[in-house]
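Accompanying notes for the structure given below.
The values are calculated or read from the model by the stated rules, or taken from the named source; none is laboratory data. Since the structure is predicted, the reported quantities are computational estimates derived from the model, not experimental observations. FYI the Cβ positions are ideal-geometry reconstructions off the backbone, even for glycines, and counts take in every protein chain you see.
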Amino acid sequence: MSRAAQILNELFQSHYPWKLSPGSAGRHGAEYNFKSENGTHYRVNINHYYGSGNDMDHAEVAFSAGLPLPGVQYTYGRLGGHADSQKVFSTVHHILKQHLRNHPELKTIGFTGIGKSRVRLYKHFLDRIAPNRVPGKSEFAGIFQLNREDIAEPL
């Protein structure tokens, strides 16, 4: 392994402490929060959707970053452009893996990116967490869907 790859892997191993938002966990999903070293607050929403019958088998993941001020909305998907983006990605990865452990009924996970930079951001994130996935045609439109088996264990 090259030194650059080794450094990147070391960066991705590190993650921020995160917590489940009180009262957010349930059959329909959960919200997780963490704070980076530079003071940026992040939110990860994982919403469950019904499949055939009454089974929850799909989850949509949305990332957001911002300041937790009254009346100020988080900016969904805004994860790039920060000096610690690898650590942020790693934290989201750890949250997602823990969520999947807690919800074995989930079979697929979806991400939707709007705009060229968002699509690139999600592709980069998914390349890190699901390196063996087979990209679908919908990825060009910013719609990403993974099977739970596609997602690698956090490093």
message: Of everything in the range 86-100, what is free of Cβ contacts under 8 Å to residues at least 60 places away in the same chain and over 16 Å from Lys19 (Cβ atoms)? Give them in sequence order.
response: Leu100
field: Residues that are under 17 Å from Gln145 (Cβ atoms) and at pLDDT 75 or above, drawn from the range 98-118
entry: His99, Leu100, His103, Glu105, Leu106, Lys107, Thr108, Ile109, Gly110, Phe111
statement: Residue pairs within 8 Å by beta carbon, gap of at least six or interchain, first lying in the range 51-64 and of a type in the set (S, T, N, Q), second at pLDDT 80 or above, listed first then second, are Ser64/Tyr42; Ser64/Arg43; Ser64/Val44; Ser64/Asn45
message: Any residue in the range 17-42 that is free of Cβ contacts under 8 Å to residues at least 12 places away in the same chain sitting within a Cβ distance under 9 Å of a residue that is among the hydroxyl-bearing types (Ser, Thr, Tyr)? List the pairs, counting only those 6 or more apart or interchain.
response: Ser24/Tyr32
- prompt: When the residues of the range 25-58 are filtered to those that are in a loop (DSSP other than H, G, I, E, B) and either modelled with pLDDT under 80 or of a type in the set (Val, Ile, Thr) (or both), which remaining residue is nearest to Ser85 (Cα to Cα)?
  reply: Thr40
